[in-house]
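Before any comments, here is the structure.
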Amino acid sequence: MYQKPLPQPDAGTRPFWEAARAHRLCIPKCRACGQFHFYPRALCPHCRSADLDWVDVSGRGRVHTFTIARRPAGPAFKEDVPYIVALIDLEEGPRMMSNIVTGDVEGVRIGDPVKVRFEDVSAEISLPKFIPA
Ligand SMILES: [Zn+2]
């Protein structure tokens, strides 16, 4: 049984989580201005249009910044330390918070290329994480 906190999909995020379950990274794209954004919102943060679509993206990006967690965020994370919490700049533009999964946390650098990898953690939820590319 998975002991860590799980996302609670709602109307605004369900397409993201359903795609993740199928191991696709799918994020909002504005039909009015053509730009992607993340996290999901009711209005495009670039032009305020409500004419949004969900579009699969490459899953490739670069490390914007990161930290190495050496103390667990709670008892459920105790086995994971040290682990990396990172901001990833997706190829398509948006910045996403996730983990970089690697056996070499000391080897990660800002600007490193990464790619998405999904972890199936429950019957409904797969979490998008990143690995060095
Ligand atoms: Zn827009």
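Bear in mind that the values in this text are calculations on the coordinates, not laboratory data. Please read these numbers as outputs of a predicted model, since none were measured by experiment. Note: ideal-geometry Cβ built from the backbone for every residue, glycine included; neighbour counts use all protein chains shown.
Some values worked out for this structure:
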| read-out | value |
| --- | --- |
| Test: residue in segment 93-115 that is in a loop (DSSP other than H, G, I, E, B), touching a residue at least 24 places away in the same chain (Cβ under 8 Å), surrounded by 18 or more Cβ atoms within 10 Å (Cβ to Cβ) and within 13 Å of the chain's Cα centre (by Cα) | yes |
| Residue tally, condition hydroxyl-bearing (S, T, Y) and closer than 15 Å to I110 by Cα, over segment 78-97 | 0 |
| First in segment 42-59 and of a type in the set (K, R), second anywhere and within 8 Å of the ligand (Cβ to nearest atom), Cβ under 9 Å, 6 or more apart | R48/A32 |
| Filter result (surrounded by 15 or more Cβ atoms within 10 Å (Cβ to Cβ) and farther than 30 Å from C33 by Cβ) within segment 118-133 | I125, P132 |
| Matching residues in segment 76-92 - criterion: being without any contact (Cβ under 8 Å) to a residue 40 or more places away in the chain and not charged (D, E, K, R) | V81, P82, Y83, I84, V85, L87 |
| Residue within segment 20-31 that is free of Cβ contacts under 8 Å to residues at least 24 places away in the same chain and farther than 18 Å from S126 by Cα present | yes |
| Residue within segment 99-111 that is more than 16 Å from the ligand (Cβ to nearest atom), in contact with a His (Cβ under 9 Å, 6 or more places away or on another chain) and not acidic (D, E) present | yes |
